Structures are given as structure tokens and as C-alpha cells.
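Worksheet: one structure, shown below.
The values are calculated or read from the model by the stated rules, or taken from the named source; none is laboratory data. Computed from a prediction, not measured in an experiment: that's the story for all the values here. Note: ideal-geometry Cβ built from the backbone for every residue, glycine included; neighbour counts use all protein chains shown. Only protein heavy atoms, including side chains, enter the accessible area calculation; ligands, DNA and RNA are left aside. Shrake-Rupley method; radii C 1.70, N 1.55, O 1.52, S 1.80 Å.
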Amino acid sequence: QVQLVESGGGLVQAGGSLRLSCAASGRTFSSYAMGWFRQAPGKEREFVAAISRSAGSTYYARSVKGRFTISRDNAKNTVYLQMNSLKPEDTAVYFCAAGTVVGSAVPNGYDYWGQGTQVTVSS
């Protein structure tokens, strides 16, 4: 089992950057594929990015490709989401998730979830 805690959210102006972190407990972090999702008010949770166990493969939603970068440090049990050129439509609660399916773009592909961190982008 793994517990996930996100941090790094906040309020930023359009065009700005934020770096989200997701710290995982337990000694099996490197055995999990990781993903980031987001959920805006009144909308379904949507896929943002995913990364394989060894960080050899990354996957992105079309809406964030070229602006966001997912990475992980297995020695620190942490996955990151670097968000650049932020837009107001990126405003949402961002969740990290851990699972056994590499590159899954659906929430059902993940077994463990963090509590989320709010990202607000002002215009």
C-alpha cells in the first residue's frame, strides 16, 4: 500500500509556472506507475500526465503537451509535475495517483490517490 501527499499548488497569473510534488510513503514507490489528474468544479476528473516506473516513458494529455513535464525521483519517493505557460483553463484540483497500469489515462487505472492540491490561474 502507498500513501500520496501532493503539494505545490497555489495562485499564479496566466503565463506563469508552478511545480507540483507528490510524496509517497512506503518502500515500493518504484514499483508503481504514476499519474497526474485534475478536476475542475462541475467537471469530471481528467488525465494530465503519466510516467512509467523507471521514468523511461511519459504520457501527456493533448491539452498540456509541450507545457507540462512529469518526472519522478525514485530515491526520494516523489513524482513531480512542472507546469509552464499556465492558462486559466488549467485551474483545477490536481491529484497524483499510483497504479500498476503504465500510462493509463483513466482513473480506474490507478489504485491509490492523494488528497489533491488546488491550482488557480488568474487571467
**Message:** Mean-square fluctuation check for the chain, GNM, Cα pairs under 10 Å: which of Ala49, Ala75, Ala23 is largest?
**Reply:** Ala75
**Message:** Taking a virtual spin label 7 Å from the Cα of Gln3 along the C-beta vector, which residues in segment 79-123 bring their backbone nitrogen under 12 Å of it?
**Reply:** 115
**Probe 1.4 Å, protein heavy atoms only - accessible area per residue of the chain in square angstrom** = 50 Å²
**Request:** Quote the convex hull volume per residue of the chain, based on C-alpha atoms, as a whole number of Å³.
**Result:** 88 Å³
**Request:** State, as an integer percentage, the relative contact order of the chain based on alpha-carbon contacts under 8 Å between residues 6 or more apart.
**Result:** 36 percent
**Percent carbon-and-sulfur accessible area, segment 1-57, ignoring ligands, DNA and RNA, probe 1.4 Å** = 45 percent
**Fill in**
Largest-first ranking of Thr100, Thr28, Thr91 by accessible area, probe 1.4 Å, whole protein assembly kept, is Thr100, Thr28, Thr91
**Message:** Compute the distance from the alpha-carbon center of segment 1-24 to that of segment 64-85, in whole Å.
**Reply:** 9 Å
